[in-house]
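Step one of this worksheet: look at the structure below.
The values are calculated or read from the model by the stated rules, or taken from the named source; none is laboratory data. All values derive from a computational prediction rather than experimental measurement. With ideal geometry, Cβ positions are generated from the backbone for all residues, glycine too; neighbour counts draw on all protein chains shown.
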Amino acid sequence: MRDKYFLDTNIFVYSFSSEDKDKRLKSHDLITNALANRYGCISYQVIQEFINVATRKFVTALTIADCRKYLSSVLVPLCEIYSGEWLYFQALEISERWKYSFYDSLIITAAISAECSVIYTEDLQHGQKIQDLEIINPFL
């Protein structure tokens, strides 16, 4: 059995990149595999961050219709972790212990809560282990 993994927001953002073909292709592969094999997941926070970036910061912003389609076909099927009191308290613990920002700690907490062994992101310390979770930068 393959390990379960978490995809951070930057993976989805790079999957739309017109500037970095290698990152776009690697991101696209990670997302496609996550949907196909059901071992990949995300949290509500990834959805919120992605839609914000896609509608406000992309060179060619996604339309609301495009966002709805992507939300229903990609993001919602991958979403396993939703907001809750327990998530905030756990994120505070991660933040205090590992010195990550609260928002990064929410992502880490979501990955741990989903029982992932890997989180794919370029925003955290590559190779670091937090509990049973390993941070991997897929673009290195």
For Arg2, are the conditions met, namely being surrounded by fewer than 17 Cβ atoms within 10 Å (Cβ to Cβ) and at pLDDT below 95? yes
Out of Ser83, Ser117, sole residue that is within 16 Å of the chain's Cα centre (by Cα), in contact (Cβ under 8 Å) with a residue 40 or more places away in the chain and under 29 Å from Asn37 (Cα atoms): Ser117
Give Asn137, Asn52 a once-over and let me know the one that is surrounded by fewer than 12 Cβ atoms within 10 Å (Cβ to Cβ) and under 16 Å from Asn10 (Cβ atoms). Asn52
Identify, from the list Thr60, Thr121, the residue that is closer than 13 Å to Phe6 by Cβ and not acidic (Asp, Glu). Thr121
So for segment 79-87 (the condition being β-branched (Val, Ile, Thr) and under 21 Å from Ser15 (Cα atoms)), does at least one residue qualify? no
Condition check for Ser105: surrounded by 12 or more Cβ atoms within 10 Å (Cβ to Cβ), in contact (Cβ under 8 Å) with a residue 12 or more places away in the chain and farther than 13 Å from Leu7 by Cβ: yes
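Report whether or not Ala91 is touching a residue at least 40 places away in the same chain (Cβ under 8 Å) and either on the phi < 0 side of the Ramachandran plot or assigned to a loop (DSSP other than H, G, I, E, B) (or both).
Here the answer is no, as Ala91 does not meet what is asked.
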If I filter segment 69-88 for residues that are loosely packed, with under 11 Cβ neighbours inside 10 Å and under 30 Å from Gln128 (Cβ atoms), do I get at least one hit? yes
Would you mind telling me which numbered condition in (1) touching a residue at least 24 places away in the same chain (Cβ under 8 Å); (2) under 20 Å from Leu124 (Cα atoms) Arg24 fails? (1)
Hey, Ser43 at pLDDT below 95, closer than 28 Å to Leu140 by Cβ and surrounded by 11 or more Cβ atoms within 10 Å (Cβ to Cβ) or not: no
So which residues in segment 88-113 are over 12 Å from the mean Cα position of the chain (by Cα), of a type in the set (A, V, I, L, M) and under 25 Å from Tyr39 (Cβ atoms), if there are any at all? Ala91, Ile94, Ile112
Return yes when Ile130 is surrounded by 19 or more Cβ atoms within 10 Å (Cβ to Cβ) and either touching a strand residue (DSSP E or B) at 6+ places or on another chain (Cβ under 7 Å) or charged (D, E, K, R) (or both) and no when it is not. no
